[in-house]
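Asker: Okay, handing you the structure first.
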Amino acid sequence: MSAKIYRPAKTAMQSGKAKTHIWVLEFDPSEPRKIDPMMGYTTSGDMLQQVKLTFETQELAEDYAKRYGIDYRVIQPKEPRRQSVSYSDNFKYTRNQPWTH
């Protein structure tokens with residue numbers, strides 16, 4: 001049984017950062033998914049794929065995994081690079097490409 005510990009990224013649909021401060025422990029699939037021949041649904045007998053545990057800190061998630069003997073890997077979050085962009089930059093004299101509509 002193995003798992004990954006990560007901090008979720010901000011959703012692309014909204015500008016808020018809700019639920020990005022928590023750490024998630026998510027189990028890796030232990031068996032491949034199968035396609036039901038009659039209906040075409042994707043099925044799996046692995047119930048741990050549905051489990052997502054949340055923790056306040058990375059250390060708490062690692063302690064939980066160690067306590068229950070779960071092999072884990074930690075995926076460190078990537079901090080976004082912020083670019084300062086202003087509307088007036090479109091009309092700069094030193095602009096590399098000409099401005100068009």
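The values are calculated or read from the model by the stated rules, or taken from the named source; none is laboratory data. Bear in mind the structure is a predicted one, so any value in this text is a computation, not a measurement. Here Cβ is always computed from backbone atoms with ideal geometry, including for glycine, and neighbour counts include all displayed protein chains.
Asker: Listed residues 77, 29; which is under 16 Å from the mean Cα position of the chain (by Cα), in a loop (DSSP other than H, G, I, E, B) and surrounded by 10 or more Cβ atoms within 10 Å (Cβ to Cβ)?
Answerer: Step by step, each of 77, 29 is checked, and only 77 is under 16 Å from the mean Cα position of the chain (by Cα), in a loop (DSSP other than H, G, I, E, B) and surrounded by 10 or more Cβ atoms within 10 Å (Cβ to Cβ).
Asker: While we're looking at this one, here's another question. When the stretch 38-87 is examined, which residues are found to be hydroxyl-bearing (Ser, Thr, Tyr) and within 18 Å of residue 7 (Cβ to Cβ)?
Answerer: 54, 57, 64, 72, listed by residue number.
Asker: Could you grab the pairs with beta carbons closer than 6 Å, sequence gap of 6+ or different chains, first residue in the stretch 21-40 and without any contact (Cβ under 8 Å) to a residue 40 or more places away in the chain, second one part of a loop (DSSP other than H, G, I, E, B) and of a type in the set (Ser, Thr, Tyr)?
Answerer: Qualifying pairs under 6 Å: 33/44.
Asker: Something else now. Kindly establish whether residue 53 is touching a helix residue (DSSP H, G or I) at 6+ places or on another chain (Cβ under 6 Å), assigned to a strand (DSSP E or B) and without any contact (Cβ under 8 Å) to a residue 60 or more places away in the chain.
Answerer: For residue 53, the condition - touching a helix residue (DSSP H, G or I) at 6+ places or on another chain (Cβ under 6 Å), assigned to a strand (DSSP E or B) and without any contact (Cβ under 8 Å) to a residue 60 or more places away in the chain - is not met.
Asker: Return only the number of the condition from (1) in contact (Cβ under 8 Å) with a residue 12 or more places away in the chain; (2) in a helix (DSSP H, G or I); (3) among the small types (Gly, Ala, Ser) that residue 45 does not satisfy.
Answerer: It is condition (2) that residue 45 fails.
Asker: For residue 8, state whether it is within 20 Å of the chain's Cα centre (by Cα) and either small (Gly, Ala, Ser) or part of a loop (DSSP other than H, G, I, E, B) (or both).
Answerer: Yes: the conditions hold for residue 8.
Asker: Could you list all residues from the stretch 1-22 that are of a type in the set (D, E, K, R) and out of contact with any Phe, Trp or Tyr (no Cβ under 9 Å at 6 or more places or on another chain)?
Answerer: 10, 17, 19
Asker: Filter the stretch 46-74 down to the residues that are of a type in the set (Gly, Ala, Ser) and surrounded by 11 or more Cβ atoms within 10 Å (Cβ to Cβ), then identify the one that is farthest from residue 22 (Cα to Cα).
Answerer: 65
Asker: So which of 31, 79 ends up being in contact with an Asp or Glu (Cβ under 9 Å, 6 or more places away or on another chain), among the charged types (D, E, K, R) and at pLDDT below 90?
Answerer: 31
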